[in-house]
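The structure appears below as structure tokens.
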């Protein structure tokens, strides 16, 4: 993809994300709370450079005592900014519908990541398999566990 095409794609992605977060907040999750049958939540994490809160609408999957979030970026070749921020965070804020709570963050690695990708993510959303192929990268996963 050309540099211009990449910039346009990133701009459209950012606009779509900002719009989704706004609609979710305004409707308490009634709009945007489910996409393709998957539950969507708002995840807020401090920016790794700015320290300012950054919010993204993400799908999540129940797993054990927590939930798994997937840094797929729709199969783009680069990891999404929200996941880069998540890698540097110990905690995050999660909004599910109108409820907001704190969660601890743990990025999954190696065999654990591969097992959760297969048994949790692909078992519930087989379409996510195409994202690794399309983006030519291993899709990162993190576990969020409610705190307090």
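Structure notes:
- The set of residues in segment 71-130 being assigned to a strand (DSSP E or B), in contact with a strand residue (DSSP E or B) (Cβ under 9 Å, 6 or more places away or on another chain) and free of Cβ contacts under 8 Å to residues at least 60 places away in the same chain consists of 91, 92, 93, 94, 100, 101, 102, 103, 104, 106, 107.
- Considering each residue of segment 25-41 in turn, at least one proves to be in a strand (DSSP E or B), under 19 Å from residue 147 (Cα atoms) and in contact with a strand residue (DSSP E or B) (Cβ under 7 Å, 6 or more places away or on another chain).
- Options 54, 48: the member that is under 25 Å from residue 27 (Cα atoms), touching a helix residue (DSSP H, G or I) at 6+ places or on another chain (Cβ under 8 Å) and without any contact (Cβ under 8 Å) to a residue 60 or more places away in the chain: 54
- Residues that are modelled with pLDDT under 90, out of contact with any helix residue (DSSP H, G or I) (no Cβ under 9 Å at 6 or more places or on another chain) and surrounded by 17 or more Cβ atoms within 10 Å (Cβ to Cβ) do not occur anywhere in segment 61-76.
The values are calculated or read from the model by the stated rules, or taken from the named source; none is laboratory data. No experiment lies behind these values; they were computed from the predicted model shown. Methodologically, a virtual Cβ is constructed for each residue, glycine included, from the backbone with ideal geometry; neighbour enumeration extends over all protein chains shown.
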